[in-house]
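Throughout, read-outs are computed from the coordinates displayed, never taken from laboratory work. Keep in mind it's a predicted model, so treat the numbers as computed, not measured. Glycine gets a Cβ as well: all are built from the backbone with ideal geometry, and neighbour counts include every protein chain shown.
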Amino acid sequence: MSRNLRSGRAGGSGDDDLPPPPSPTPSDLLAMLVEGQPALGDAMRTLAQHQAQGRHQRQGPEPNKFSDFKEFQDTKPPVFKEAEEPLQAEEWLNTLEHKFRLLRLTEQMKAEYASHQLQGPAGIWWRHYRSTLPENAQIT
């Protein structure tokens, strides 16, 4: 008799003499993948929730929902009509953002207040763009 059979009958460990387990078939692998889908989906949802919570947590003070347009105007915000160079538009945006931070405005208030500073071709463009949106659209 072979050594494998003798060691198995004699009560020896013989584990190192056993053949390897059969490899999973493609259908076995697919079944394992399908079984793992709910856990993977749960993990993805949890990750998305944590990321969303991180975005909603504010760094710094809460927005001041009570700043009014007069306070914004008191900061002497620049008017924007048109730009010959892209940096002119960027400078206007940066100046407004600085004033918005000072007043701690909400995102919707920023859009509303900034739109009042658009005149000339920029103002015409904004009014046209605004007219393409639904009546109650919230612009940020």
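Looking only at residues that are of a type outside the set (Val, Ile, Thr) and touching a helix residue (DSSP H, G or I) at 6+ places or on another chain (Cβ under 8 Å) in region 124-140, which one is nearest to ALA114 (Cα to Cα)?
Among them, the one singled out is TRP126.
Scanning region 92-140 for residues that are over 24 Å from PRO63 (Cβ atoms), outside any loop (DSSP other than H, G, I, E, B) and over 26 Å from the mean Cα position of the chain (by Cα) yields GLY120, PRO121, ALA122, GLY123, ILE124, TRP125, ARG127, HIS128, SER131.
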